[in-house]
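See structure below.
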């Protein structure tokens, strides 16, 4: 008789325990059946809770990357506008004062430096363009808007990833608790029925369609 490993997917363990619970119920072991059914339900819920946390992660990730794209779009628009003001505009001020290290200084900035780089771009635009310049009138406001969106999304992503990590820890603890319960049930059946009969309550890996790599022999309980 074999038992899923701790590393097995939680759904495999749920199936294994549900099978056991049903066999116990059919044999009149109602108390054991109730406990194993409850354990399977708890593990399933822990698994679903962990899976559900990915929604918030993906939403926040999309929002953060979208805001990043919007900021890059502003930088590219500013560059194109300033460079288009003359044949040599990209080699002269104010272009060279704003894009002192090239467009990539902003658009290829590490995520950890995104906020600092785009705040710098806004400051340089304000400093090196006259107040009535069309770029100065629009770009800093757009940068401010998209930076706020970027920061909010980055904060939401950090929170979502922490929640996902916590849910994963809860799931792993629940998996271990469930497997431990199955071991105890096996011990109770072994005492009452003997090894041969006790093992008939458990699903065999060959019949479950699972690879032997997903299961390990269950040791007899210590006396």
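For helix 30-83, what angle does its Cα long axis make with the longest principal axis of the chain, in degrees from 0 to 90 and rounded to 10? So the inclination is approximately 10 degrees. Averaging sequence separations of C-alpha pairs under 8 Å and six or more residues apart, then dividing by the length of segment 2-217, give the relative contact order as a whole percent. In percent, rounded to a whole number, it is 35.
An ellipsoid equivalent to segment 1-114, defined through the eigenvalues of its Cα gyration tensor, has semi-axes of 64, 12, 9 Å when rounded to whole angstrom and sorted largest first. Between the helical axis of 134-193 and the longest alpha-carbon principal axis of the chain there is an angle of about 10 degrees.
Can you give the angle from 0 to 90° between the axis of helix 114-128 and the longest principal axis of the chain, with both taken from C-alpha atoms, to the nearest 10? With both axes taken from Cα atoms, the answer is about 10 degrees. Centroid-to-centroid, using Cα positions, segment 83-103 and segment 19-52 are 68 Å apart. Of the labelled figures [x] 1.08; [y] 0.96; [z] 1.37, only one reflects Rg/Rh (Cα atoms, Kirkwood Rh) as derived from the coordinates, namely [z].
For the ranges 73-84, 152-163, what's the packing order if you count other beta-carbon atoms within 10 Å of each residue, average per peptide, and put the highest first?
The packing order, highest mean first, is 73-84, 152-163.
Can you tell me, using C-alpha contacts under 8 Å and at least 6 residues apart, the relative contact order of segment 1-52 as a whole percent?
36
None of the figures in this text is laboratory data; all of them are computed from the coordinates on show. Being a predicted model, the structure only gives us computed values, none of them experimental. Methodologically, a virtual Cβ is constructed for each residue, glycine included, from the backbone with ideal geometry; neighbour enumeration extends over all protein chains shown.
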